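Q: Below you'll find the structure I mean.
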Amino acid sequence: MPLQRSNTADKFIVDRRKPHRNSDVARAVRKTRDRLSQQAGNPDFDRELLKLHARAMTSGAIAVPLLVLVIAAGGRLAGVGNEIGLWALFTLTCYTIVAFMARRIERTEASEPNPLQTRREFLIGHFLCGLGWAWFVWLGCNVCEVDPLHIVKAVVLLFAMAATAVMTSSLRGALLATFAVPVALYAYGGVKLWMPIEVIMAGLLVVSLPFFAYVARHLNRSSLMMLSFRSEKDALVAELETAKSMSDEARRRAEDANLAKSRFLASMSHELRTPLNAILGFSEVMSNEVLGPMSNPTYRDYAHDVHESGQHLLDLINEILDLSRIEAGRYQLNEEPLMLLGIVEDCCHMMELRARNKDIRVIQDFEHELPRLFADERAVRQITLNLLSNAIKFTATGGEIRVRVGWTAGGGQYISIKDNGPGIPEDEIPIVLSAFGQGSIAIKSAEQGTGLGLPIVQGLLAMHGGEFELHSKLREGTEAIAIFPLSRVMEELPALPTATVAAARRR
């Protein structure tokens with residue numbers, strides 16, 4: 001069967017040369033870019049400003065028409081005549097046209113309308129509304145006195161200009177298109193009559209128009225700044241979506257690769273251990289000369305070296321398989337009540353010979369009368385042996401190791417193994433706790449290891465719901481603490497009453 005090769009570039013999370021590799025990200029970026037509604041040659045966000053203007057005209061569509069109706073009702077009460085009704089109808093029609101235009105623009109997508117044409121239509125509509133206000137300025141009243149009427153007209157124009165300046169700030173030129181003609185007509189009438197009150201009000205209107213235009217321009221700049229900030233925010237959102245998709249893809253691939261590796265190693269236990277058992281068995285038979293003496297002593301030494309190398313390889317494979325089973329979730333705990341103190345004492349006796357060979361003193365500091373712990377005895381022994389082995393390995397000749405077992409502050413139980421070895425630099429502790437990780441000082445000053453002991457300890461403690469802590473200072477030593485939670489500690493039951501006590505209680 002020919003070897004099947006993958007056509008995907010696995011080392012690239014997102015292949016820039018192939019846009020189809022990450023269509024979701026490309027679609028998200030395009031959607032975000034469309035929301036900006038900003039094309040080349042259109043740096044002032046014309047479409048977005050038109051949308052803002054349409055939204056403002058729609059939300060404030062009742063304000064100016066209500067003012068027109070109030071003026072028309074007041075004019076009728078003052079005796080202006082039927083002409084003010086015609087003016088109100090014309091003005092309301094113009095504002096209704098502008099409102100319908102705004103509603104149409106608001107309901108369309110930002111990229112659909114033509115900015116120049118839409119702006120021209122809006123300015124024409126506002127100009128028609130301005131003609132309505134010019135008609136209002138030209139209205140006369142034979143029954144009313146002259147002075148109050150001109151003052152009322154000026155005040156109404158000021159109110160209308162203020163409201164228009166706020167609502168049309170997103171559309172440049174809308175205020176001037178609406179009130180340039182009414183203010184000019186009012187100024188012409190005031191100069192023609194040449195009465196002090198009319199001249200003062202005309203001057204006030206002439207000064208107010210550029211002032212309100214200045215205010216509208218500043219509001220327009222604020223809108224532009226807001227749109228610019230929103231554009232930058234959308235660009236950042238697009239970049240974050242791209243980065244998130246890339247990180248999710250990378251994490252998914254890493255998890256799949258790690259799971260495949262763990263499953264492979266966990267299923268290779270029989271295939272790896274079977275030939276190693278044969279190598280260990282036959283090399284041991286040859287080195288011990290069970291089937292007869294070997295004439296050449298060098299062959300016997302070779303057989304002994306093969307046996308030691310095979311034993312080292314078997315230990316390494318066992319550690320790798322244990323770690324792989326833990327990561328794959330296939331490590332089965334055989335939980336039972338056990339005495340933590342007794343297990344730690346047995347492990348200390350087992351490692352005593354290695355400690356004596358290096359002239360290392362092992363001090364046992366145990367708290368007695370500890371209740372039983374509900375845990376896996378093999379896992380607890382492996383935790384203790386790994387920590388003791390590391391302590392003996394990294395402690396210099398003539399050193400000291402202190403082993404403690406006792407209560408934690410939260411009611412659990414702990415195993416603490418502290419040595420006075422070279423210690424671990426603070427920045428290398430995460431490396432030491434990772435799989436196959438070894439500190440620089442440990443590599444130079446101690447015998448070589450696999451770097452799997454502490455990760456296995458962490459995994460076994462995590463399966464028991466416990467915690468692992470590693471405290472170390474350079475040239476002062478290292479302390480490793482394995483903590484079992486309170487939920488693992490078994491409460492002692494009261495003793496059963498004897499037959500005599502039970503009979504006495506019945507009597």
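The values are calculated or read from the model by the stated rules, or taken from the named source; none is laboratory data. Owing to the predicted nature of the structure, the values given are computational and were not obtained by experimental measurement. Because the Cβ atoms are built from the backbone with ideal geometry, glycine has one as well, and the counts that use them run over all protein chains shown. SASA here: full protein model, heavy atoms, side chains in, ligands and nucleic acids out. Shrake-Rupley method; radii C 1.70, N 1.55, O 1.52, S 1.80 Å.
Q: List the pairs whose first member sits in segment 76-97 and is farther than 15 Å from Gly130 by Cα, whose second member is open to solvent by 70 Å² or more (accessible area, probe 1.4 Å) and at pLDDT 85 or above, and whose Cβ atoms are under 6 Å apart, counting only residues at least 6 apart or on separate chains?
A: none
Q: So is Ala243 modelled with pLDDT of 80 or more, among the aliphatic types (A, V, I, L, M) and surrounded by 15 or more Cβ atoms within 10 Å (Cβ to Cβ) or not?
A: On the way: modelled with pLDDT of 80 or more: yes; among the aliphatic types (A, V, I, L, M): yes; surrounded by 15 or more Cβ atoms within 10 Å (Cβ to Cβ): no.
In short, no.
Q: Let me ask something additional. Are there any pairs, at least 6 apart or on different chains, whose C-beta atoms fall under 8 Å, with the first in segment 328-343 and under 16 Å from Ile483 (Cα atoms) and the second among the β-branched types (Val, Ile, Thr), and if so, which?
A: Sorted first by the residue in segment 328-343, then by its partner, the pairs are Leu338/Val380; Leu340/Val380; Leu340/Val405; Leu340/Ile415; Leu341/Val405; Ile343/Val380; Ile343/Thr384.
Q: Please work out which one of (1) open to solvent by 90 Å² or more (accessible area, probe 1.4 Å); (2) modelled with pLDDT under 80 is the condition Met268 fails and give its number.
A: So the condition that Met268 fails would be (1).
Q: Return the only residue of Arg252, Arg230, Arg172 being modelled with pLDDT under 85, in a helix (DSSP H, G or I) and of a type in the set (Lys, Arg).
A: Just one listed residue meets the conditions, Arg230.
Q: When the residues of segment 283-300 are narrowed to those that are in contact with a helix residue (DSSP H, G or I) (Cβ under 8 Å, 6 or more places away or on another chain) and not aliphatic (A, V, I, L, M), which ends up least open to solvent (accessible area, probe 1.4 Å)?
A: So the residue we want is Ser283.
Q: Further, regarding this structure: Just wondering, is there one or more residues in segment 317-331 that are within 29 Å of Arg378 (Cβ to Cβ) and of a type in the set (Phe, Trp, Tyr)?
A: So the first thing to find is which residues in segment 317-331 are within 29 Å of Arg378 (Cβ to Cβ), and the list is 317-331.
In the following step, the residues that additionally are of a type in the set (Phe, Trp, Tyr) were identified as 331.
Yes - at least one qualifying residue is present in segment 317-331.
Q: Quick test for you: out of Leu77, Leu89, pick the one residue that is modelled with pLDDT of 80 or more, part of a helix (DSSP H, G or I), over 20 Å from Arg172 (Cα atoms) and of a type in the set (A, V, I, L, M). Steps first, please.
A: Working: Leu77 fails: modelled with pLDDT of 80 or more.
The match here is Leu89.
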